[in-house]
């Protein structure tokens, strides 16, 4: 198909699919499902800069509370994370990577570096800046639309 005629949604879907395939061949941890791998990667990278909670996982991956709970409980059971209560609010549980998970942090970071290098190969900084801007704009458009639909449905 002519690249100028391919619908944008299809192009984004195909790119996403290729990235998922790439990640499946570079799974960081055996014994984890692809979504668990993604979540573990998020935890390992983001926890270097801030405390993480279940709500952060829900928002990042656009999943329901019950789904996040199930995934995190399984990851905890399998020894990849643990959750500890926060002093200021006992209901909040901070997500912490275990030593088992910490051992793969460098492998994960290298995998991300290699994927980023491949995905931007031959693309100028200017084109990348425009691409990022447009993709974020599309994401905001869809997010805003979904939020407005949710408000209309709420009585």
Given the criteria touching a residue at least 12 places away in the same chain (Cβ under 8 Å), under 18 Å from the mean Cα position of the chain (by Cα), surrounded by 13 or more Cβ atoms within 10 Å (Cβ to Cβ) and more than 27 Å from residue 17 (Cβ to Cβ), does residue 96 qualify? yes
Only one of 118, 50, 103, 91 that is under 25 Å from residue 140 (Cα atoms) and surrounded by fewer than 17 Cβ atoms within 10 Å (Cβ to Cβ): 50
Among the residues that make up the stretch 107-115, is at least one of them in contact with a strand residue (DSSP E or B) (Cβ under 8 Å, 6 or more places away or on another chain), surrounded by 12 or more Cβ atoms within 10 Å (Cβ to Cβ) and on the phi < 0 side of the Ramachandran plot? no
List pairs: first in the stretch 16-29 and modelled with pLDDT under 80, second in a loop (DSSP other than H, G, I, E, B), Cβ under 8 Å, 6+ apart or cross-chain? 28/104; 29/80; 29/104
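Does any residue of the stretch 79-87 turn out to be under 17 Å from the mean Cα position of the chain (by Cα) and surrounded by 11 or more Cβ atoms within 10 Å (Cβ to Cβ)?
Restricting attention to the stretch 79-87, the residues satisfying the condition of being under 17 Å from the mean Cα position of the chain (by Cα) are 80-81.
Imposing the further condition that a residue be surrounded by 11 or more Cβ atoms within 10 Å (Cβ to Cβ) reduces the set to 80-81.
Taking every residue of the stretch 79-87 in turn, at least one turns out to be under 17 Å from the mean Cα position of the chain (by Cα) and surrounded by 11 or more Cβ atoms within 10 Å (Cβ to Cβ).
For the condition on the phi < 0 side of the Ramachandran plot, touching a helix residue (DSSP H, G or I) at 6+ places or on another chain (Cβ under 7 Å) and in a loop (DSSP other than H, G, I, E, B), what is the one hit in 40, 32, 44, 72?
On the way: 40 fails: in a loop (DSSP other than H, G, I, E, B); 44 fails: in a loop (DSSP other than H, G, I, E, B); 72 fails: in a loop (DSSP other than H, G, I, E, B).
So the residue among 40, 32, 44, 72 that is on the phi < 0 side of the Ramachandran plot, touching a helix residue (DSSP H, G or I) at 6+ places or on another chain (Cβ under 7 Å) and in a loop (DSSP other than H, G, I, E, B) is 32.
The values are calculated or read from the model by the stated rules, or taken from the named source; none is laboratory data. Here the structure is a predicted model, which means the values were calculated and not measured. Counting neighbours? That spans all protein chains shown, and the Cβs are built from the backbone with ideal geometry, glycine included.
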